[in-house]
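Following: one structure in structure tokens, then a few remarks.
Bear in mind these aren't lab numbers, they're just calculated from the coordinates by the rules spelled out. Source: prediction; values computed, not measured. All Cβ positions, glycine included, derive from the backbone under ideal geometry; neighbour counts span all protein chains shown.
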Amino acid sequence: MPDSHLDPGALTDAALLARAGAGDRRAFDLFVERHQASVFRFARTQVSRPDDGEDLLQQTFLSAWQAAGTFRGEGPARGWLFTITRHAATRLRQRQAREALDDTPVEDLGVQAGWGQSNPEGLAIRHERHTAIASALAALPAEDREILTLRDLEGTSGEEAAALLGVGLAAMKSRLHRARLRLAAELRKGGHDVAR
């Protein structure tokens, strides 16, 4: 039940969150005031861009507001907030990685891989040594290594790979195509010509 006047020092974090869970916005505002500086400092350690720290701070307290009624008080509220921040940072990094993967047009990836040259049929993989492929794979982003391992090394079907990755079949095919182009580009950078 909301109270128009709350003594900031009179209530514990658990009590403020219990009140917030019941819809008391003022109690939650007091909770935010109490912890925002430490959450912001922690959020900035989780990201590389300064603006992302602000985003994480906002996401943390939005998630905390939505989950306030579930806080059991088994540990310190600040630790609970830090856990929320870490999860939000992980989601942010995953989203940024997906966005970065999709930034390069397929045509550009094809050119980097050696396609579109005067004789694309004449290009051949000249060096298939295990070390060259392992080195090229290691240079790829984790998402590319994941899809290439599933489809090309482990031989999972397209449907299986899509289900494992939690994406649709068309999205998996697009992701696989891009990953293969990036692998070809890495092999080419290492002095290994590749062919389609």
Go through region 154-164 residue by residue and turn each phi into a ³J(HN,Hα) via Karplus (6.51, -1.76, 1.60, θ = phi - 60°); whole Hz please, and just put x for glycine and proline.
8, x, 5, 6, x, 5, 5, 4, 4, 5, 4
Can you tell me how region 13-101 classifies by the Cα gyration tensor, rounded, prolate or oblate, using a/c under 1.5 as the rounded cut?
prolate
Charges on Cβ only, +1 for Lys and Arg, -1 for Asp and Glu, centred on the Cα centroid of region 54-104; of 59, 84, 73, which one is farthest towards the dipole's positive end?
73
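Could you please rank 33, 54, placing first whichever residue has the fewest other Cβ atoms within 10 Å of its Cβ? Walk me through the numbers on the way to the answer.
On the way: 33 10, 54 14.
Exposure proxy ranking, most exposed first: 33, 54.
For residue 80, what is the net charge nearby, where nearby means another residue's Cβ is under 15 Å from its Cβ and Lys, Arg count +1, Asp, Glu -1? Write out the running numbers ahead of the final one.
Details: positive: 34, 72, 78, 86; negative: 13, 74.
After counting each charged neighbour, the total is +2.
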For region 71-78, Karplus couplings with θ = phi - 60° (6.51, -1.76, 1.60), whole Hz, Gly/Pro x
5, 9, x, 6, x, x, 4, 4
